[in-house]
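Bear in mind that the values in this text are calculations on the coordinates, not laboratory data. Quick caveat: nothing in here was measured; it's all calculated off a predicted structure. Cβ coordinates were reconstructed from backbone atoms using ideal geometry, including for glycine residues, and neighbour counts include every protein chain displayed.
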Amino acid sequence: MAARADDLEIRTDFSLLINGELVPGDDWLDVINPATEQVFARCPAAGDAQLDAAVDAARDAFATWSRLSYEERAGYVRRYTAVLAEHHAALAALLVREQGKPIAQARAELDSCLKQADDTVGLQISVEVLVEDDTHRIELHYRPLGVIGIITPWNAPAALALNSLTSAVYTGNTVVIKPSPYTPLTTLKMGELAREIFPPGVINVLTGGDELGRRLCEHPGVQKISFTGSVATGKKVIASSAETLKRITLELGGNDPAIVLEDADPKAIAKDIFFACFVNSGQVCMAIKRIYAHEDIYDDLCDALTEEARNAPYGDGLDPKNKLGPLQNKMQYDKVVEIFEATKRSGARILVGGDVPDRTGYFLPPTYVTDIDDDSRLVTEEQFGPIVPILKFSEVEDAIRRANDTRYGLSGSVWTSDPARGKAVASQLEVGTAWVNQHRAISAYVPFGGAKESGMGRQHSILGLKGDMEPQVISVPN
Ligand code: NAD
């Protein structure tokens, strides 16, 4: 396929944000549109001295920023989300071109993170009185940490940057953000817009490769790393942050189970389950990655999900008819193609999809698989692509045991017409969030994060905000 006209001209209108200045990098990164496999943009890559400059700027800005009230900082964040909302259309289009997701999902990513930011800055962090008696008053305060390094992955770059950024700056910290080298552009544009609102140095944006992430973790001027990405990299973040004993929040991968009980109505829930499996072509930490269906409704559920998949066209995310876009990058595409091939070789039954199309772009069809072993790659690994196994069970205890038989523990769901029974089953899942009759429902008021190897700490809610702060006891005798 020939390159599309809009991909022939390479965009270069991107800059790093350091101390309120838009600056070029020491080097360049090429950015590929995964729907065309063409380089469509080039952006700066920061060098060592630029990392030092960004951290110094963030440290200097911290002195004033940390002394502002919560209300004042909330005002900055609200003005920022208003400016981001004015640029919504351009940001959404850029997000599709660098990330691949369908335009409706790019708009939804922006809508939900803007709302989440506005809601977050309405949360109140209060001084807690721990003891008050004749002899003492002991209070628990929360102080900002200093400079927070934010490292984000390529699947939801806008939302993951804004979520972490809002939490950090609202609580009085300043930030250096490093997005994925696969999807740096939306974050750089968000940095440009932040420059119009925030004092210099409060928000700095640096793009570069994985090595820049490692150096940010090692940097002695950074007090915390707020990391979203894979389990393997999360472990490296812990190791490289150890020397300086940084605080760390890790939002890592998942292998979310959905357990469908015999009293669920397959036709009624198929649309929601399908979307939770294949939103962003399955490249979502909390996508449904394994379905356990009771034998009584198994065939009906397979039929209903197959029908949904048949009615979900895939292709360039800029074409609004497409429900699935491409895989985001060649490495991920090759990994998922391997899982497709291994699954077919294993003798598992492909209900729908399964073929690797011979076309330009990292496209794969939505694929459901049955008759597959519990110890297959598709069941045990985080596939992070549009292929999901449907596994049969007859006893719910067996489904719970198999759902929990994993090193992951991000989230999971139970589907039933009896919410009380759903809750009882959900409470036995070893996950950070267990939903009943829904999946992927998050909010600023509810903590989110992983059990087991899916993470450390929580984001969102008061609990998440406190993760960006240091508790301080103040004890005063009467
Ligand atoms: P990744 O771990 O490869 O990369 C994430 C970020 O880490 C990138 O910015 C990368 O440049 C940087 N990085 C790489 N090596 C580093 C190092 N040694 N030190 C510091 N930084 C380093 O992840 P990915 O492939 O971009 O993203 C997909 C993964 O992210 C999936 O596993 C997904 O489940 C997970 N994820 C989790 C959540 C969550 O909230 N739990 C949300 C989105 C994605």
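Quick one: residue 342 ticks every box in (1) surrounded by fewer than 23 Cβ atoms within 10 Å (Cβ to Cβ); (2) among the small types (Gly, Ala, Ser); (3) in a loop (DSSP other than H, G, I, E, B) except a single one, so which number is it?
The single condition residue 342 does not satisfy is (3).
Filter segment 217-243 down to the residues that are surrounded by 24 or more Cβ atoms within 10 Å (Cβ to Cβ) and in contact with a Pro (Cβ under 8 Å, 6 or more places away or on another chain) and list them by number.
228
Only one residue in 430, 397 is within 19 Å of residue 259 (Cβ to Cβ) and not in a helix (DSSP H, G or I), so which one is that?
430
Please give the helices (runs of 4 or more DSSP H) falling wholly within segment 100-201 in which 2 or more residues are touching a residue at least 12 places away in the same chain (Cβ under 8 Å), within 16 Å of the ligand (Cβ to nearest atom) and more than 16 Å from the chain's Cα centre (by Cα).
185-195
For residue 396, only one of the following conditions fails: (1) over 26 Å from the mean Cα position of the chain (by Cα); (2) within 15 Å of the ligand (Cβ to nearest atom); (3) not acidic (Asp, Glu). What is its number?
(2)
Taking only segment 210-237 into account, find how many residues are out of contact with any Phe, Trp or Tyr (no Cβ under 9 Å at 6 or more places or on another chain), of a type outside the set (Asp, Glu) and more than 6 Å from the ligand (Cβ to nearest atom).
14
Identify, by number, the condition in (1) crowded, with 21+ Cβ neighbours inside 10 Å; (2) in contact with a helix residue (DSSP H, G or I) (Cβ under 6 Å, 6 or more places away or on another chain) that residue 214 doesn't meet.
Residue 214 satisfies every listed condition except (1).
Pairs needed: first member in segment 251-262, closer than 13 Å to residue 435 by Cβ; second member anywhere, among the basic types (Lys, Arg) and assigned to a strand (DSSP E or B); C-beta distance under 6 Å; at least 6 residues apart or different chains.
256/289; 257/290
Specify which of the listed residues (13, 56) is of a type in the set (D, E, K, R) and either surrounded by fewer than 16 Cβ atoms within 10 Å (Cβ to Cβ) or part of a strand (DSSP E or B) (or both).
None of the other options fit; the residue is 13.
The conditions are (1) surrounded by 23 or more Cβ atoms within 10 Å (Cβ to Cβ); (2) more than 16 Å from the ligand (Cβ to nearest atom); (3) polar (S, T, N, Q), and residue 433 fails exactly one of them. Which is it?
Every condition holds for residue 433 apart from (2).
Which residues, counting only those in segment 443-478, are away from the ligand (no atom under 11 Å from the Cβ), hydroxyl-bearing (Ser, Thr, Tyr) and crowded, with 16+ Cβ neighbours inside 10 Å?
461
Taking residue 356 as meeting all but one of (1) closer than 20 Å to residue 98 by Cα; (2) of a type in the set (A, V, I, L, M); (3) surrounded by fewer than 20 Cβ atoms within 10 Å (Cβ to Cβ), write down the number of the exception.
Looking at each condition in turn, residue 356 falls short on (1).
Could you please give the count of residues in segment 359-390 that are under 20 Å from residue 302 (Cβ atoms), in contact with a helix residue (DSSP H, G or I) (Cβ under 8 Å, 6 or more places away or on another chain) and surrounded by fewer than 21 Cβ atoms within 10 Å (Cβ to Cβ)?
So the count comes out to 5.
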